[in-house]
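Enquirer: Can you read through this structure? Questions will come right after.
The values are calculated or read from the model by the stated rules, or taken from the named source; none is laboratory data. Given the structure is predicted, the values throughout are model-derived calculations rather than measurements. Don't worry about glycine lacking a Cβ; one is built from the backbone with ideal geometry, like all the others, and counts go over all protein chains shown. The protein model used for the area step is the full one, side chains on, heavy atoms only, and it has no ligands, DNA or RNA in it. Shrake-Rupley method; radii C 1.70, N 1.55, O 1.52, S 1.80 Å.
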Amino acid sequence: MAVTVSPERDVVATPVQRAFREALYAGAIALGLFVLFIGLRTDQNISNELILVRRWGLLALVVVLTAVGRFLYVAYAQPFAASLKVADVATGLLPESMATRFFRLPYFIAAIVIAFALLVLAGSLDGLLGPDLAGYARFLRALAIIYAVASVMFYFRSFIHAHFSALGVSALALYPVIVVLTLALYTGSVAGGFQGSLKWVDNFGIQILIYVMLAWGLNIVIGLAGLLDLGYVAFYAVGAYAYALLGTHFGLSFWILLPAAGCMAAFWGVMLGFPVLRLRGDYLAIVTLAFGEIIRLVLINWREVTNGSARISGIPKVSFFGLMSFNVSDPNYIAKVLNIATSSAYYKIFLYYLILGLCLLTAFVTIRLRRLPVGRAWEALREDEIACRSLGINTTTTKLTAFATGAMFGGFAGSFFAARQGFVSPESFVFLESAIVLAIVVLGGMGSLAGIAVAALVMIGGTEALRELDFLKRVFGPDFTPELYRMLLFGMAMVIVMLWKPRGFVGSREPTAFLKERKTVSGSFTKEGHG
Amino acid sequence: MNAQASADDLILQVEHLSMKFGGLVAIGDLSFQARRGEITALIGPNGAGKTTVFNCITGFYKPTEGMITLNKRDGSTYLLERLPNHEIPARANVARTFQNIRLFSGMTLLENLLVAQHNKLMKASGYTFLGLFGFPSYRQASAESIDLARHWLEKADLVDRADDPAGDLPYGAQRRLEIARAMCTGPELLCLDEPAAGLNPRESAALNELLMDIKNSTSILLIEHDMSVVMQISDHVVVLEYGRKISDGNPQSVRTDPRVIAAYLGVDDEEVETVLTEVGDEDVIEQLDTGPDAAHGPGNSASMMAGPVSDTVEHADEGERVTVSKGASKAAQVDARSASVAGKPAPVAKKAAKVSTAKAAPKKTAAKAAAAKADSASKGKQAAAKPAAGKRGGRK
């Protein structure tokens, strides 16, 4: 986007001329950059010799695409973006925004019609269009549904904004019901509805909610207290192994071990907190990162207890508060008690509501704590530690409570994770998990529960959705696996969001008390903390 | 000094306080007292160690030597140098403000004042557990804390902006908010580090009013450069130069003290030259060589590893690390001069008497003869008066 030409020449050049010139430059730069990367490739021939493969065609394609992209951007996209900021001379109004042009009633109706038609024809798509086109048709259907939902959300945006929490919670509570009902209608049988709901409830619902809970727990440490903790997954591991070991060896119930795992994780939070009290910023981040790795290495190497990389399996399932069980062999199996058909979906739906409950507990506690002196002290600590001490706040205990509270929720999430998986292994607790949770907190906006929930939905739901894009295999060949590109897309999405909203989805802060009216505090005033 | 003052009349006693940073003496054997219900001002040129004294009193530094005693109204006594940092505001009820304002800029004004009531609210919330379940006792305490915050917002004339972020306030209002926040901790002694710095005359007058109001309930210890503030509101002034007390008394007597005048305005350059030529002493030349000492200049490390938080409280611009060259202390020069003058024949003594009573800088005519003799006659005395300076010289 750097304009390399002098301003005098800019004045005379029309956008098309300028675009043409810049397209040439962009093409030349692309050629220079990619001639060795794409144009030439080393390979082995049949007698194991190193040979050079020339791919001039591919190189030409990339260069031309770059040049055309630059041309379109400069000639059309830039003037269009500029025109959006120019008010009409006659009316003095700004032109319609992109969003209002994008979401129009005719388009909405068209999207509904397409989605509905393709849903009705779902069963016979393969026969009608052949497998290739059917894949595209399903993708089109998904796009049409997303567009329709987005249009509705855009139309009711002020309402949604005003009642975000209530709407969000009720949508989450109704989600399994809606999924089961939709799929039951779609397949024509209740059993089919339950069976089909497995993927949606487990892979999407539970998976996302686990990350929501982890991110909300980490939000206490990073978002409120401003302590950069890169080893958060350690507490998740402590919770998971606490449940796995105590559950398999002593047969204790999940409902006893859930608080126990939380306490244990909180204890380790304090253990980590003590030595790092004096560290700030980068140093704190490094030490917490090391702590996470230590826990993982202990789990791998202490084979007598943790079974090492061979994992602990056979972790007992959660019971329905001791009243009903989800093991088919038990006499009080839920299907026997309630006289319904046997299905594995009941357990998943139960787990969904369990993790939803845990998430809501986390949110409730976080909201309450923010209005209590300890929560205010956390935020004050993030803003200015020295001023805190001058006001008589014991920064040591304040930091330790932040670590312990955050770790406790990590421990809850960990024991839930162990119960859901049925096994635990050290591979689940690698640094990447910490990084993803941290990325969710940063993307959502530090300190904001709603923003973090949306970020978890986008990041975890988005990567899960990539698995659904099977039709891409038809475009790029059977070797193409879209899941492998999810980290690339993940990174690109983060860069774009951070350019567009540098403080995350919700950059502002809700004050915890007010005298006359509640005004949100702009993100430009809040600090990130020094660790 | 004021041995006759009864113990419960004094709120703060600083006795033989020394603070050394390595070999540097930032404060050397400082003793002073602050009386209850008064405004005690601590003044002195830049780098005199005023903020270091504050940091010692409020626990950000642990003094190398000396005793800081705080007598509370209820008769209890605290030795501040022994209390941990955060317990000084919490238990001994000493609150402070900072020279470079330290507000919680992302929190609203009201929240800033609620954070200041942390310890009280913490107890009321049953150390979080009762508050988490919404017990009514916490709700009541919370409502009371908001009332107290409103009270101080009204005093500081900030109640209209109670729900705005503190970082959004203009500079003068931020200063007032910091004072209001300190007052919300319920202090018996309020330490203000340059509250009038950067204020315009009107804001400065409003500040004076606020301080006079606070004085009725709370004793104040004040660092200030703005002499109009010091002279108008303070009851007692302590003057520091190079970490030593050079004067102590009411504003009127301090204002006329020649040592103070010399410390602030300096002695004339011409006079110094005369001394040099008349005495021709190499030691004097060395004394007057007051260039910066490279080994003890301001810290040039920007690394976070340079030290714990407490080491970074000092203000870089003021230069906490005092580099005292031999002969830098103007007050000591005046001392030496007047000491020599005492043993002079009548005519010169008369002239010298003028010097000590003069309101402006010492007069050249008197000083020429007096200073020359003073320096040659009482070299030893001068060195004794400045052990710190002597050390510095020895290190060169």
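Enquirer: Looking only at the stretch A:425-440, decide whether some residue is in contact with a Leu (Cβ under 6 Å, 6 or more places away or on another chain) and either without any contact (Cβ under 8 Å) to a residue 24 or more places away in the chain or small (Gly, Ala, Ser) (or both).
Expert: yes
Enquirer: When you check B:GLY126 against the structure, is it out of contact with any Gly (no Cβ under 9 Å at 6 or more places or on another chain), in a loop (DSSP other than H, G, I, E, B) and at the interface with chain A (Cβ under 9 Å from one of its Cβ atoms), yes or no? Lay out the reasoning, then the answer.
Expert: Values: out of contact with any Gly (no Cβ under 9 Å at 6 or more places or on another chain): yes; in a loop (DSSP other than H, G, I, E, B): yes; at the interface with chain A (Cβ under 9 Å from one of its Cβ atoms): no.
The answer is no for B:GLY126.
Enquirer: If B:GLY167 satisfies every condition in (1) within 8 Å of chain A (Cβ to nearest Cβ); (2) assigned to a loop (DSSP other than H, G, I, E, B); (3) more than 21 Å from B:ILE223 (Cβ to Cβ) but one, which is the exception?
Expert: With respect to (1) within 8 Å of chain A (Cβ to nearest Cβ); (2) assigned to a loop (DSSP other than H, G, I, E, B); (3) more than 21 Å from B:ILE223 (Cβ to Cβ), B:GLY167 is out only on (2).
Enquirer: On the basis of being outside any helix (DSSP H, G or I) and either touching a His at 6+ places or on another chain (Cβ under 6 Å) or not assigned by TED's automatic domain parsing to the domain that holds B:MET212 (or both), does B:GLN99 make the cut? Steps first, please.
Expert: Working: outside any helix (DSSP H, G or I): yes; either touching a His at 6+ places or on another chain (Cβ under 6 Å) or not assigned by TED's automatic domain parsing to the domain that holds B:MET212 (or both): yes.
Taking the combined requirement at face value, the residue satisfies it.
Enquirer: Could you list all residues from the stretch A:311-325 that are among the aliphatic types (A, V, I, L, M) and either within 29 Å of the chain's Cα centre (by Cα) or in a strand (DSSP E or B) (or both)?
Expert: A:ILE312, A:ILE315, A:VAL318, A:MET324
Enquirer: Here are the criteria: (1) at the interface with chain A (Cβ under 10 Å from one of its Cβ atoms); (2) outside any loop (DSSP other than H, G, I, E, B); (3) under 24 Å from A:VAL374 (Cα atoms). Tell me which single one B:ASP160 does not satisfy.
Expert: (3)
Enquirer: Determine which single condition B:ILE27 fails, assuming it passes every other condition in (1) within 24 Å of B:ILE214 (Cα to Cα); (2) at pLDDT below 90; (3) surrounded by 18 or more Cβ atoms within 10 Å (Cβ to Cβ).
Expert: (1)
Enquirer: Shifting gears a bit: Just to confirm my filter: which helices (runs of 4 or more DSSP H) fall fully inside the stretch A:431-531 and include at least 3 residues that are of a type in the set (Val, Ile, Thr)? It would help to see each step written out before you state the result.
Expert: Values: elements: A:431-444, A:449-456, A:462-466, A:471-476, A:486-500.
Filter on the stretch A:431-531 gives A:431-444, A:486-500.
Enquirer: Which pairs have Cβ atoms under 8 Å, sit 6 or more apart or on different chains, and link a residue in the stretch A:388-404 that is at the interface with chain B (Cβ under 8 Å from one of its Cβ atoms) and closer than 15 Å to A:ARG376 by Cβ to one that is of a type in the set (Gly, Ala, Ser) and part of a helix (DSSP H, G or I)?
Expert: A:CYS388/A:ALA377; A:CYS388/A:ALA380; A:LEU391/A:ALA380; A:LEU391/B:ALA182; A:GLY392/B:ALA90; A:ILE393/A:ALA377; A:ILE393/A:ALA380; A:ASN394/B:ALA90
Enquirer: For residues that are under 26 Å from A:VAL318 (Cα atoms) and in contact with a helix residue (DSSP H, G or I) (Cβ under 9 Å, 6 or more places away or on another chain), tally how many sit in the stretch A:223-249.
Expert: Matching residues across the stretch A:223-249 total 16.
Enquirer: A follow-up question, please. Only one of A:LEU289, A:LEU284 is among the aliphatic types (A, V, I, L, M), more than 9 Å from chain B (Cβ to nearest Cβ), in a helix (DSSP H, G or I) and open to solvent by 10 Å² or more (accessible area, probe 1.4 Å); which?
Expert: From the options A:LEU289, A:LEU284, the qualifying one is A:LEU289.
Enquirer: For the stretch A:326-358, how many residues meet the condition of being of a type in the set (A, V, I, L, M) and part of a loop (DSSP other than H, G, I, E, B)?
Expert: Here the count works out to 3.
Enquirer: Within the stretch A:352-382, count every residue that is in contact (Cβ under 8 Å) with a residue 60 or more places away in the chain and farther than 18 Å from A:ASP229 by Cβ.
Expert: Total meeting the criteria: 13.
Enquirer: Before we move on, is B:ARG139 within 24 Å of B:GLN232 (Cα to Cα), out of contact with any helix residue (DSSP H, G or I) (no Cβ under 6 Å at 6 or more places or on another chain) and not hydrophobic (A, V, I, L, M, F, W, C)?
Expert: Values: within 24 Å of B:GLN232 (Cα to Cα): no; out of contact with any helix residue (DSSP H, G or I) (no Cβ under 6 Å at 6 or more places or on another chain): yes; not hydrophobic (A, V, I, L, M, F, W, C): yes.
No; evaluated as a whole, the condition is false for this residue.
Enquirer: Looking at the stretch B:36-44, can you tell me whether even one residue there is on the phi > 0 side of the Ramachandran plot, open to solvent by less than 30 Å² (accessible area, probe 1.4 Å) and touching a residue at least 24 places away in the same chain (Cβ under 8 Å)?
Expert: The answer is yes, given that some residue of the stretch B:36-44 is on the phi > 0 side of the Ramachandran plot, open to solvent by less than 30 Å² (accessible area, probe 1.4 Å) and touching a residue at least 24 places away in the same chain (Cβ under 8 Å).
Enquirer: With the condition kept exactly as written, say whether any residue in the stretch B:186-203 is surrounded by 19 or more Cβ atoms within 10 Å (Cβ to Cβ) and assigned to a helix (DSSP H, G or I).
Expert: no
Enquirer: Testing A:PHE490 on (1) open to solvent by 70 Å² or more (accessible area, probe 1.4 Å); (2) away from chain B (no Cβ under 14 Å), one condition comes back false. Which one is that?
Expert: Answer for A:PHE490: the failing condition is (1).
Enquirer: How many residues are hydrophobic (A, V, I, L, M, F, W, C) and open to solvent by 90 Å² or more (accessible area, probe 1.4 Å) if we restrict to the stretch A:496-508?
Expert: The number of residues fulfilling the criteria is 3.
Enquirer: While we're on this one: Name, by its number, the condition in (1) among the small types (Gly, Ala, Ser); (2) over 18 Å from A:GLU517 (Cα atoms); (3) more than 31 Å from the chain's Cα centre (by Cα) that does not hold for B:ALA173.
Expert: (3)
Enquirer: Continuing with the same structure: Inside the stretch A:361-390, can you point out the residues that are surrounded by fewer than 20 Cβ atoms within 10 Å (Cβ to Cβ) and out of contact with any Leu (no Cβ under 9 Å at 6 or more places or on another chain)?
Expert: A:LEU361, A:PHE364, A:ARG371, A:ILE386
Enquirer: Also, I was wondering about something else. Out of B:LEU110, B:LEU132, B:LEU121, report the one residue that is open to solvent by 20 Å² or more (accessible area, probe 1.4 Å) and at the interface with chain A (Cβ under 9 Å from one of its Cβ atoms). Please lay out each step first, then the result.
Expert: Details: B:LEU110 fails: open to solvent by 20 Å² or more (accessible area, probe 1.4 Å); B:LEU121 fails: open to solvent by 20 Å² or more (accessible area, probe 1.4 Å).
Only one candidate qualifies: B:LEU132.
Enquirer: Among B:ILE179, B:ILE214, which is more than 12 Å from chain A (Cβ to nearest Cβ), aliphatic (A, V, I, L, M) and in contact with a Ser or Thr (Cβ under 8 Å, 6 or more places away or on another chain)? Talk me through it step by step, then tell me what you get.
Expert: Details: B:ILE214 fails: in contact with a Ser or Thr (Cβ under 8 Å, 6 or more places away or on another chain).
Result of the check over B:ILE179, B:ILE214: B:ILE179.
Enquirer: Is the stretch B:63-81 home to any residue that is in a loop (DSSP other than H, G, I, E, B), over 22 Å from B:HIS151 (Cβ atoms), within 17 Å of the chain's Cα centre (by Cα) and more than 10 Å from every other protein chain (Cβ to nearest Cβ)?
Expert: Among the residues of the stretch B:63-81, at least one is in a loop (DSSP other than H, G, I, E, B), over 22 Å from B:HIS151 (Cβ atoms), within 17 Å of the chain's Cα centre (by Cα) and more than 10 Å from every other protein chain (Cβ to nearest Cβ), which makes the answer yes.
Enquirer: Being more than 10 Å from chain A (Cβ to nearest Cβ), open to solvent by 50 Å² or more (accessible area, probe 1.4 Å), touching a residue at least 40 places away in the same chain (Cβ under 8 Å) and of a type outside the set (A, V, I, L, M, F, W, C) is the requirement here; does B:LYS155 meet it?
Expert: Numbers: more than 10 Å from chain A (Cβ to nearest Cβ): yes; open to solvent by 50 Å² or more (accessible area, probe 1.4 Å): yes; touching a residue at least 40 places away in the same chain (Cβ under 8 Å): yes; of a type outside the set (A, V, I, L, M, F, W, C): yes.
Here the answer is yes, as B:LYS155 does meet what is asked.
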